[in-house]
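Q: Here it is: the structure, laid out below.
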Amino acid sequence: MTPSQLPQPPQRVRIPAPATAPDPGARGRRTRHAALACGWLATRALMLNLLLRDRLGVGGVAGEVSVLYHRWYEQLSAGSFPFGDPTWQYPPGAGAVILAPALVPFLTFFQAFTALTLGCDALIALMLARSGARPGGSTAGAWLWVGGLPLLLNIPYGRYDVEVTALAVGALLALRRRPRLGGVLAGLGALVKVWPLLALIGAPPGRTTRRALLGALGAAAALLAVLALLFSHTLDFARQQGGRGIQIESLAGTALQLAHLVSGHPGRVVYQYGAMEFTGRYVSALATISLALTGVAFCWLLYWRLRARRWTVAVPLDAALCAVLLFTVTSRVISPQYLVWLLGLAAVCLTSNRTTQRPVAQLLLPAAALSALAFPCLYAEVMAGTPLGTGIMAARNTLLLAAALLSCHRLWTATVTASATGSFSNRERRRSSPSGA
C-alpha cells in the first residue's frame, strides 16, 4: 500500500469566530458623553468671554481675582495670612487655593487662577459623568452641572468656590466605596470653606461614618499643622468672621428691604467685610436670630440622623444637599457664589436614580438665574432697595427657602416615615434574605 493510500487523519475544520455584535448601549454612552463634552465646551467658552469682558451690570467680577485675590497671594507669598484684613474671613486652607496659581508660573496670576478654576469645573463634570454611568446611575447630574452653572454667568470663574465644590463632590462620590478618602476630601474642603464637612452628615452609620470622620479630622489637622508652621496669623480669619452683619442678599436682608420698601424709608447700606450690609436698627437682633436658626437647623439634622432608618445609596447625597441648604437660608450672608455649592450638590444627588431631591434641584435652577440677575446685572437696584431689586431678591430667597423646606420634607419622608414595606433598613434586608448575606 502506497503512502498515498494510507488512511489520512481527519482534517480539523477551523470555524471562524462569530463577529461581535456592536453594543448599542456603549454607542449610546459615547454619544451622550460627546454631547456632554460639547455642551461643556460651548457654555464654558461663553462664561470665559463674559469674565474677560466683565461688563455686566456693576461689573467687578474679574476684579475679585485680579485685585483682591492677587493682594492675598502677595501676602501669603511673604509668609503671612492677611492680618487685620476685614475681607479675609476664610479658614486657612483657602490660602492653599490662593497660592495654587504659583504652580503655573508661565501665566499671570489671573490667567493661572482662571485656568485652575476651569480645570476643577471640568473635573466635576467628569466625576459626575462617570458616576452617572454606573449601574443605578443617571447622567442627569452631569447635565445639571453643565447646563446649570452658566446660569450664574461669569461669577463661578471669579471666585474660588468651584475648587471647594470639587472637593465636596469628590468626597460624596467616594464616600460609598472609599469612606476614608471621602472623609479626607471633606476635611480638606472644610479647611478651605467649612461647609464641605456637611457632606458627611448622611454617611451610613457604623464603620463608614467612623472611617470618614477619622479621615476628615486627620486631613484637616495635618493641613492646619503644615499651614501653621509655614505661615503666621493662621487663625486671624475667625475674628473677621465674627463681626459680620446682615448682607443685603440674605433672607434677613430681604426682610429688611421689604420693611424699608413698605415704610418708604430706605435702609442704610454700607460696604463692610467685603460685602454690602445693612446697618442700624434691628440689624443686631436679626443677626442673632439668624445664628439661632442656624443652631436649630443643626439640631434638626442631628435629630434626623438619630431617627433615620432607611439608608439607600442616595441618602448621603440627599442629606448633604439638605444640610447645606439649611445653613444657607439661615445664614447672615448669601453671596451669589453660594449657588455654585448648591448646584454641585444637587448634581451629585441626580447621579443616583434613587434620589429624593429632583424637585429641589429644579427649584435651584431659577434661583441661580435670579442670583445672577441680582448680581452683577441689577445690583445697583438691589443696593438701592428699589421695588425691582427687592422683588428679585425676594423671589430668589423664596425659592431657596422653598427648596430647603422641600428638601427636609423629602429626606425625612424617605428615611424616617416611609411605609413599612419600603423603609426597612439594610440590616433588616440582610436578615430577611435567604442567604443572610
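Q: Inside the range 397-418, can you point out the residues that are among the polar types (S, T, N, Q) and either surrounded by 18 or more Cβ atoms within 10 Å (Cβ to Cβ) or touching a residue at least 40 places away in the same chain (Cβ under 8 Å) (or both)? Please lay out each step first, then the result.
A: Applying the first criterion (among the polar types (S, T, N, Q)) to the range 397-418 yields 397-398, 407, 413, 415, 417.
If the condition is that a residue be among the polar types (S, T, N, Q) and either surrounded by 18 or more Cβ atoms within 10 Å (Cβ to Cβ) or touching a residue at least 40 places away in the same chain (Cβ under 8 Å) (or both), then N397, S407, T413, T415 are the ones that fit.
Q: Checking the condition touching a helix residue (DSSP H, G or I) at 6+ places or on another chain (Cβ under 6 Å) and either open to solvent by less than 100 Å² (accessible area, probe 1.4 Å) or modelled with pLDDT of 90 or more (or both), which residue from L41, L103, L51, L68 passes?
A: On the way: L41 fails: touching a helix residue (DSSP H, G or I) at 6+ places or on another chain (Cβ under 6 Å); L103 fails: touching a helix residue (DSSP H, G or I) at 6+ places or on another chain (Cβ under 6 Å); L68 fails: touching a helix residue (DSSP H, G or I) at 6+ places or on another chain (Cβ under 6 Å).
It is L51.
Q: While we're looking at this one, here's another question. Tally up the residues in the range 278-306 that are of a type outside the set (F, W, Y) and farther than 16 Å from T330 by Cα, please.
A: Quick first cut of the range 278-306, residues of a type outside the set (F, W, Y) only: 279-281, 283-297, 299, 301-302, 305-306.
Next, from what is left, pick out any that are farther than 16 Å from T330 by Cα: 279-281, 302, 305-306.
Matching residues across the range 278-306 total 6.
Q: Select, from R309, R281, R244, R305, the only residue that is closer than 24 Å to S352 by Cα and not in a helix (DSSP H, G or I).
A: Residue meeting the stated conditions: R309.
Q: When the range 174-196 is examined, which residues are found to be within 15 Å of V348 (Cβ to Cβ) and surrounded by 24 or more Cβ atoms within 10 Å (Cβ to Cβ)?
A: The initial filter retains those residues of the range 174-196 that are within 15 Å of V348 (Cβ to Cβ), namely 174-177, 182, 185-186, 189, 195-196.
Of everything in the range 174-196, those that are within 15 Å of V348 (Cβ to Cβ) and surrounded by 24 or more Cβ atoms within 10 Å (Cβ to Cβ) turn out to be L175, G182, L185, A186, G189, P196.
Q: If we keep just the residues of the range 274-291 that are open to solvent by 60 Å² or more (accessible area, probe 1.4 Å) and within 26 Å of the chain's Cα centre (by Cα), which is nearest to T351 (Cα to Cα)? Lay out the reasoning, then the answer.
A: Applying the first criterion (open to solvent by 60 Å² or more (accessible area, probe 1.4 Å)) to the range 274-291 yields 281-282, 284, 288-289, 291.
Now drop any that are not within 26 Å of the chain's Cα centre (by Cα), which leaves 289, 291.
Values: I289: 36, L291: 33 Å.
If we take residues in the range 274-291 being open to solvent by 60 Å² or more (accessible area, probe 1.4 Å) and within 26 Å of the chain's Cα centre (by Cα), then L291 is nearest to T351 (Cα to Cα).
Q: Cβ-Cβ under 9 Å, sequence separation 6+ or interchain: first residue in the range 218-231 and farther than 24 Å from P179 by Cα and in contact (Cβ under 8 Å) with a residue 40 or more places away in the chain, partner exposed (fewer than 14 other Cβ atoms within 10 Å of the Cβ) and of a type outside the set (K, R). Which pairs?
A: So the pair list comes out as A228/L235; L230/G79; F231/G79.
Q: Now, a different point. Identify the residue in the range 335-359 that is assigned to a loop (DSSP other than H, G, I, E, B) and crowded, with 24+ Cβ neighbours inside 10 Å and, among all such residues, is modelled with the lowest pLDDT. Full working, then the answer.
A: From the range 335-359, those assigned to a loop (DSSP other than H, G, I, E, B) are 335-337, 350-351, 353-357; that's our starting set.
Among the residues that remain, those that are also crowded, with 24+ Cβ neighbours inside 10 Å are: 336, 350-351, 355-357.
Numbers: P336: 93, L350: 97, T351: 96, T355: 96, T356: 96, Q357: 97.
Step by step, filter the range 335-359, then rank; the result is P336.
Q: Now, a different point. Give the residue, chosen from S290, S284, S263, that is small (G, A, S) and in contact (Cβ under 8 Å) with a residue 40 or more places away in the chain. Before you say what the answer is, go through the steps one by one.
A: Numbers: S284 fails: in contact (Cβ under 8 Å) with a residue 40 or more places away in the chain; S263 fails: in contact (Cβ under 8 Å) with a residue 40 or more places away in the chain.
Step by step, each of S290, S284, S263 is checked, and only S290 is small (G, A, S) and in contact (Cβ under 8 Å) with a residue 40 or more places away in the chain.
Q: Just to be sure I understand the filter: pairs with C-beta atoms under 6 Å, separated by 6 or more residues or on different chains, first member in the range 125-149 and farther than 17 Å from R178 by Cβ, second member open to solvent by less than 10 Å² (accessible area, probe 1.4 Å) and at pLDDT below 95. Which pairs pass?
A: Within 6 Å, the pairs are S138/G132; T139/G132; G141/G132; A142/G132.
Q: If L126 meets every condition in (1) open to solvent by less than 50 Å² (accessible area, probe 1.4 Å); (2) within 22 Å of the chain's Cα centre (by Cα); (3) aliphatic (A, V, I, L, M) apart from one, which number is that one?
A: All conditions are met except number (1).
Q: Exactly one of (1) closer than 18 Å to G389 by Cα; (2) touching a helix residue (DSSP H, G or I) at 6+ places or on another chain (Cβ under 9 Å) is unmet by Y271. Its number?
A: Here Y271 clears every test but (2).
Q: Determine whether the range 250-269 contains at least one residue that is loosely packed, with under 15 Cβ neighbours inside 10 Å, modelled with pLDDT of 90 or more and either among the basic types (K, R) or in contact with a Pro (Cβ under 8 Å, 6 or more places away or on another chain) (or both).
A: No, every residue in the range 250-269 fails to be loosely packed, with under 15 Cβ neighbours inside 10 Å, modelled with pLDDT of 90 or more and either among the basic types (K, R) or in contact with a Pro (Cβ under 8 Å, 6 or more places away or on another chain) (or both).
The values are calculated or read from the model by the stated rules, or taken from the named source; none is laboratory data. No experiment lies behind these values; they were computed from the predicted model shown. Don't worry about glycine lacking a Cβ; one is built from the backbone with ideal geometry, like all the others, and counts go over all protein chains shown. All accessible areas refer to the heavy atoms of the entire protein, side chains included, with ligands and DNA or RNA removed. Shrake-Rupley method; radii C 1.70, N 1.55, O 1.52, S 1.80 Å.
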